[in-house]
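Beneath this line is the structure, given in structure tokens, with notes to follow.
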Amino acid sequence: MATAAFADRGADLELVGIQKRFPGFTAIEDLDLTIPAGSFFALLGPSGCGKTTTLRLVAGLEEPTRGRILIGGMDVTAQKPYQRPVNTVFQSYALFPHMTVLENVAFGLRRRKIDDAVGKAHEALRLVELDHLAARKPLQLSGGQQQRVALARAIVNRPALLLLDEPLGALDLKLRRQMQLELKGIQEEVGLTFLHVTHDQEEAMTMADTVAVMNKGRIEQMGPPEELYEAPRTAFVANFLGQSNLLTGNVAGTTNQAISVDVAGHRVVVPRDRARRLAGTVTIGVRPEKLSLHRETPASDPARNVLGPGRVSDVSFSGMSTQYLVTTPGIGTLVVFAQNKTFGPMAQAGDEVWVSWSIAHGFGLDDDPAERPGRAPDDDTRNVAVHKRPALVPERGEA
Ligand SMILES: Nc1ncnc2c1ncn2[C@@H]1O[C@H](COP(=O)(O)OP(=O)(O)O)[C@@H](O)[C@H]1O
Ligand SMILES: [Mg+2]
């Protein structure tokens, strides 16, 4: 079995210049990706962006139009699915209903005439903490338990690489959160390489060491979750991974430390090392939780940007925090998240307020604002978070 040739601790996966064309449609444009052995890697993107296609290519269920796939340094592009040291856990986990949990997990090993299939199946079930239910039938288990059986069935084969295609999609929110932590724990324990595909940004950030944000068959940005969140490179990443306040204007000045951008007559400063463009028309952003709301003109502080006065146009309470929408002439609408450290909101709809944030928290995108689709000519300071997010919500399955 080829699997034995691979390191016990998983194997590097490399996709080199992959393109996948379906008749009349290019699902993957040009994908280069290296996933180090033993990592938990998440491919995150909206529905239809090419995530499942990528997994099917790695599993050998689709053939690339162009490019190569290497696992543990070995070119597997021409290999049949069963020859590859890969197992896949799909969203619908299709267990055999007439078999017990144990028989389900041992099935593949028995068919391949592997020694001690039952012992190995028990071991995999212990890992997912279900060995005590080994004699049950799948229908006597909850959804989360069935999902864990499917996982045990995949890891019992000790694949070098485990592919997970939205495996938690069928679970309710609470169970999904619990399974996310369990899955991460299992990955750390077995040390296999996990390639997890999801459209849920929170899931990707909670579980993965590295997240790649995919849009229309391309990877827009890749890195540790904190890095993607705090320094997004494009408007798509800024809005798909959390929410962002985006402002567009011309660079009016640069120093060694910072760029200063004229946004509809307001000066907004961004640290130079967080700005991806230093001249011309740029789009800059800041996360809603980095903003502070003020009822009076804030005292001038060279370390902070201030916008206002504006008016609170909406207040929505969500328990831990309250979201305020602040509309400022020329700027558009900004989203502010404020933690509810006291009872009651800080401001009501209609109140006059100012918004400020630490200059250190801003970021400058690499996007060419002129190329951004759907922009009205007089709308150059619109808030993309407010306008774009509703369109993303149904795709992310939050609705
Ligand atoms: N066999 C196929 N023939 C034609 N188009 C396909 C086929 N499989 C997938 N696609 C298209 O490729 C795109 C990416 O699909 P997929 O990888 O399933 O996306 P995701 O998993 O990110 O939702 C979609 O637009 C989909 O319609
Ligand atoms: Mg899919």
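Values in this text are rule-based calculations from the coordinates and carry no lab data. Just so it is clear, the structure is predicted and the values come from calculations on it, not from any experiment. Every residue, glycine as well, gets a Cβ built from its backbone with ideal geometry; the counts of neighbours run over all protein chains shown.
Placing +1 on the Cβ of every Lys and Arg and -1 on the Cβ of every Asp and Glu, with no other charges, gives the stretch 1-99 a dipole of roughly 240 debye about its Cα centre. Considering only 94, 27, 152, the mean-square fluctuation computed in a Gaussian network model of the chain, springs between alpha carbons under 10 angstrom, is largest for 94. Each label was represented as a point 7 Å from its Cα along the Cα-to-Cβ direction; for residue 47 and residue 304 these points are 4.2 nm apart. Above 15 angstrom, tally the Cα pairs of the stretch 97-199 and express them as a % of all pairs, no decimals. Here the long-distance tail beyond 15 Å is 60 percent of all Cα pairs in the stretch 97-199. Shown for 194, 41, 317: other C-beta atoms within 10 Å of each C-beta, ranked fewest to most, produce the order 317, 41, 194. Dipole magnitude for the stretch 122-185: about 80 debye, using +1 per Lys or Arg Cβ and -1 per Asp or Glu Cβ, origin at the Cα centre. Cα axis of helix 143-155 to longest principal axis of the chain: angle in degrees, 0 to 90, nearest 10? Helix 143-155 and the main axis of the chain meet at about 60 degrees. Summed over qualifying helices (DSSP H, 4 residues or more, each -39500 (n - 2.57)) and divided by its residue number, the chain shows a 222 nm mean residue ellipticity of -6500 deg cm²/dmol. Comparing 350, 362, 219 along the charge dipole axis of the chain, the residue lying farthest to the positive side is 219, per the Cβ-charge model. With contacts taken as Cα pairs under 8 Å at a separation of at least 6 residues, the stretch 215-301 carries a relative contact order of 23 percent.
When only alpha carbons are used to place a centre, the stretch 339-364 and the stretch 167-241 end up 29 Å from one another. Which one of 332, 108, 362 has the biggest mean-square fluctuation once the chain is modelled by GNM with Cα springs under 10 Å? Looking only at 332, 108, 362, the largest GNM fluctuation is found for 108. Dipole of the chain computed with +1 at Lys/Arg Cβ and -1 at Asp/Glu Cβ about the Cα centre; of 305, 155, 11, farthest Cα towards the positive end is 155.
Among 342, 206, the ranking by other beta carbons within 10 Å of each residue's beta carbon, starting with the fewest, stands as 342, 206. The eigenvalues of the Cα gyration tensor, multiplied by 5 and square-rooted, give the chain an equivalent ellipsoid with semi-axes of 46, 25, 17 Å from largest to smallest. Around the Cα centre of the chain, unit charges on the Cβ atoms of Lys, Arg, Asp and Glu (plus for the first two, minus for the last two) sum to a dipole of about 800 debye.
Normalised by the number of residues in the stretch 209-264, what is the relative contact order in percent for Cα pairs under 8 Å and 6+ residues apart? Taking the mean separation of contacting Cα pairs over the length of the stretch 209-264, I get 20 percent. Using the Cβ-Cβ distance between residue 340 and residue 175 with R0 = 22 Å, the FRET efficiency computed as 1/(1 + (r/R0)^6) comes to roughly 0.25. Short-range pairs are left out: with C-alpha atoms under 8 Å and at least six residues apart, the relative contact order of the chain is 16 percent.
Annotation: the residues 148, 267, sorted from fewest to most other C-beta atoms within 10 Å of their own C-beta, follow the order 267, 148. Per residue Cα convex hull volume for the stretch 2-226, in cubic angstrom? Measuring per residue, one finds 120 Å³ for the Cα hull of the stretch 2-226.
Which one of 192, 95, 52 has its Cα pushed farthest toward the positive end of the charge dipole of the stretch 2-226, where Lys and Arg give +1 and Asp and Glu give -1 at the Cβ? Sorting the options by dipole projection puts first 95.
Looking at the chain alone, DSSP beta bridges between its own residues are antiparallel in about 75 percent of cases.
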